[in-house]
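Colleague: Shown below is the structure under consideration.
The values are calculated or read from the model by the stated rules, or taken from the named source; none is laboratory data. In this text, all values refer to a predicted model and were calculated from it rather than measured experimentally. Cβ atoms come from the backbone with ideal geometry, glycine included; neighbour counts cover every protein chain shown. Note: areas computed on protein heavy atoms with side chains; ligands, DNA, RNA excluded. Shrake-Rupley method; radii C 1.70, N 1.55, O 1.52, S 1.80 Å.
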Amino acid sequence: MTGPAFDRILEALRAAGRPVSITGPGQARSSCPGHDGTNPETLSVRDTADRVNLHCHAERCDSDAIMAAIGLEWRDRYHENRRENIATYRYDDGRTVYRKRTEPKAFRQSGTSGPPTLYRLAGVRAAVAEGRPVYLVEGEEDVHALETVGATATTAPQGAANFAKVDAAPLRGASVVAVVDRDASGDKWAASVRDKLAGVAASVRFVCAASGKDAADHLTAGHALAEFLPYEAASEPQEAAEAPGEAPGRMGAEELHRYLVGERVRALRVDRDARAALAREGRTPDAFDAGTLAEVLARPAEPAARVEGLIPWAASVLIVAQRKAGKTTLVLNLARALLTAAAFLGSLAVRPVSPGARVAILNYEVSGAQLARWADEVGVPVERLFRSTCAAGGTLDHPEDRAALAALLRANSVETLIVDPFGRAYSGASQNDAGEVGAWLVALDTFARAEVGARDLILTAHAGWNGERTRGSSALEDWADSIITLTKDEDTGDRFLRANGRDVDMDEDRLSFDALTRALTLTGDGSRKKAGAGRQDAETVAAILDALEDKPEGVSGEDLQRVTGRKDAALTRVRDALVKDGTLAKERRPGRGGGFLYRLNTEPPEPPENPPSRDVLNPPNPPLLPGGSDTGGLEGNPPSANTGRTCAECDQPIAPGKVRCPEHLAAMHRGNG
């Protein structure tokens, strides 16, 4: 059952137009009115026995400011809130302590006048007898906060300064966890506890809050008991300041120096603890997966890959793309394959995302309208691709924006998250700093998997000046399970794709692009080197046919070398292939020199009983060989409609498997057929 202050605060939040969701007994979430936030998860509201604790996860807004923003006073956080007192604490020895309504904090007490005893004394004795830890704190409010998570806690009456007077005998043999407040009196209280419990408690471990000032703040921020930070006392004793951030008056030079050193130590300690707390916030819920090999092998097998030979299962993938090579088009083709189970790039088997799940693109580069238009042209299912156009840098670093985006993606059941591109999404000072980039990638992993719940994370990046490696730090390539590289041949405009990584080793291959559907397909033509050789072979074919058209008597092999400008094995291979498929005739040259003559074949050869298979290299770039498959066997088999033995352009007889006679074949290669 919640107290009246809890209900009062929730009603005020709703009246102010704030969303309120109950997250557990005496716990709620809302947007924070302290900084007029919009994220419905930012403000934590937690009820305890005497008051309600508030914590803003985004801007760490002061509780009084939050209350004022909804028209309430700081006193309205307390359940009792009477005319004189706002809280009453009753001790087992008959003592009653009253927290007054005044500021600064003040107390009065009634009842026994004997030596002060510990708060919740019966519970302390039971915990010590059972060997359970006892949490020692600086006030009753923190005791009540710890009790909400099942801990046994205690304090001395009337504030931290009175612990030296309390009867500590009930803590003999106890395991004590002392939670030190992060304020000017915290070090003094810790020193008093250390002195008082020396030789009494079995152990005393000093800790401090991971968020906020005290134990109540720590728990309200969502931290567990195990997440208290180790406390370290200042190296020099410090006098308490008159007010936070102000040096005491009438100090001598030595005293002022000691005070400033202490404040600097405190600030450095806060920085250190803040970094540790931030690291814990970024930690995934399952820090490790442990078990014997037999236990692991007994588990249901995971799929080997999301995309066969290209993207492993549950992988972090880096797509490195040369400038204007079609990075976004490749990403949209991948999204379509993941959502429809269609083969990716025309031939790679895909395990699609789960029914009802979505693919999301965090787009930092092109406009939302342009991305939507391209996605529609690719054929991506419009209801299952979720996209968010983000401002360059900072979206994932701003706590409120990050939390809101994670909640949105999680609500849309995102299974594959694509971030495009790294250079715009990254918010660090330098893309070449391996430490900065590595930390950002860890944070991105945490966001995608722990906060969004995605299985696959795909990050795109622009290639460097040579188009072969990622622009920026090598930490990008070290992070990825699979690296997909998209390059462009500057001479022809052709795109090529290759991949390597964990269980991934795909050789480079040329991509074809259908401008109407924006579909990309692996052609099987091979790498840029192979494509270049194919283009050179096609040019050699045209040069040979041009030379022989005006030389019906034929030319020597040496003449062919001269007219083609090639004297390598590739020329010999192309020439012999043309002879083999009947395009050229090869004859002994008369005279003393010997050798061979090569001419266009005007006589159809007799078909062999077992026709040999073609071994002419198929040129991979059709525009260089007009006519498609009508190229005399160099681009594949002729159409089934042309099965006769006469030329498609005239009535001349042709060799088996040919479509045109040598004359029209030569004219076609010159672009005149």
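Colleague: Assuming R0 = 51 Å, what is the FRET efficiency of SER430 and SER203, from their Cβ-Cβ distance, to the nearest 0.05? Spell out each step's value before the answer.
Modeller: On the way: r = 46 Å, r/R0 = 0.90.
Given R0 = 51 Å and the Cβ-Cβ separation, E is 0.65.
Colleague: For VAL414, VAL149, give me the order by solvent-accessible area with a 1.4 Å probe, most accessible first, ignoring ligands, DNA and RNA. Intermediate values should be presented prior to the final figure.
Modeller: Numbers: VAL414 5, VAL149 60 Å².
Order by accessible area, largest first: VAL149, VAL414.
Colleague: Which of the lysines could be linked to LYS551 by a straight reach, that is with a Cα gap under 17 Å, when you skip same-chain ones fewer than 8 residues away?
Modeller: LYS586
Colleague: OK, next. Ignoring everything but the protein chains, give the 1.4 Å probe accessible area of ARG351 in square angstrom, nearest 10.
Modeller: Surface accessible to solvent at ARG351 totals approximately 120 Å².
Colleague: Provide the per-residue ³J(HN,Hα) series for segment 56-67, in order, calculated from phi with Karplus coefficients 6.51, -1.76, 1.60 and θ = phi - 60°, each as a whole number of Hz, with x at glycine and proline positions.
Modeller: 8, 6, 8, 10, 6, 4, 5, 4, 5, 5, 5, 5
Colleague: Can you work out the Karplus-derived ³J(HN,Hα) for every residue in segment 549-559? Use 6.51 cos²θ - 1.76 cosθ + 1.60 with θ = phi - 60°, whole Hz, and x for glycine or proline.
Modeller: 4, 8, 10, x, 6, x, 10, 7, x, 5, 5
Colleague: Still on this structure, please answer the following. Just how much of ASP503 is accessible, in Å², when a 1.4 Å probe is used and the result is rounded to the nearest 10?
Modeller: In the full protein context, ASP503 sits at about 140 Å².
Colleague: Starting from the residue with the highest accessible area, list THR602, THR42 in decreasing order, probe 1.4 Å.
Modeller: On the way: THR602 80, THR42 5 Å².
Output order, biggest surface exposure first: THR602, THR42.
Colleague: Tell me which residues come under 5 Å, amide H to amide H, from ALA305 once H is placed; ignore anything under 5 positions away on its chain.
Modeller: For ALA305, whose amide H was placed from the backbone, the distant partners under 5 Å are TRP313.
Colleague: Name the long-range amide H neighbours of ALA210: under 5 Å, sequence gap of 5 or more, or other chain; modelled H, no Pro or chain starts.
Modeller: Placed amide hydrogens put LEU229 under 5 Å from ALA210.
Colleague: Same structure again: Using modelled backbone amide H atoms (1.01 Å from N, in-plane), which distant-in-sequence or interchain residues come within less than 5 Å of ALA519's amide H?
Modeller: Residues meeting the criterion, in which the H sits 1.01 Å from N, are ASP514.
Colleague: Okay, moving on. Rounded to whole Hz and in sequence order, give me ³J(HN,Hα) for segment 573-585 from the Karplus expression 6.51 cos²θ - 1.76 cosθ + 1.60, θ = phi - 60°, writing x for Gly and Pro.
Modeller: Coupling constants for segment 573-585: 5, 5, 4, 5, 5, 5, 5, 5, 8, x, 5, 10, 9 Hz.
Colleague: I need the calculated FRET efficiency for the pair GLN561 and VAL382, taking r as the beta carbon distance and R₀ as 60 Å, to the nearest 0.05.
Modeller: Values: r = 59 Å, r/R0 = 0.98.
Step by step, r from the Cβ atoms, then E = 0.50.
Colleague: Using 32 Å as the Cα-Cα cut-off, could you pick out the over-long pairs in LYS324/LYS567; LYS100/LYS213; LYS105/LYS196; LYS529/LYS580; LYS165/LYS213; LYS488/LYS580?
Modeller: On the way: LYS324/LYS567 37 Å; LYS100/LYS213 21 Å; LYS105/LYS196 25 Å; LYS529/LYS580 25 Å; LYS165/LYS213 24 Å; LYS488/LYS580 35 Å.
Check vs 32 Å cut-off fails for LYS324/LYS567; LYS488/LYS580.
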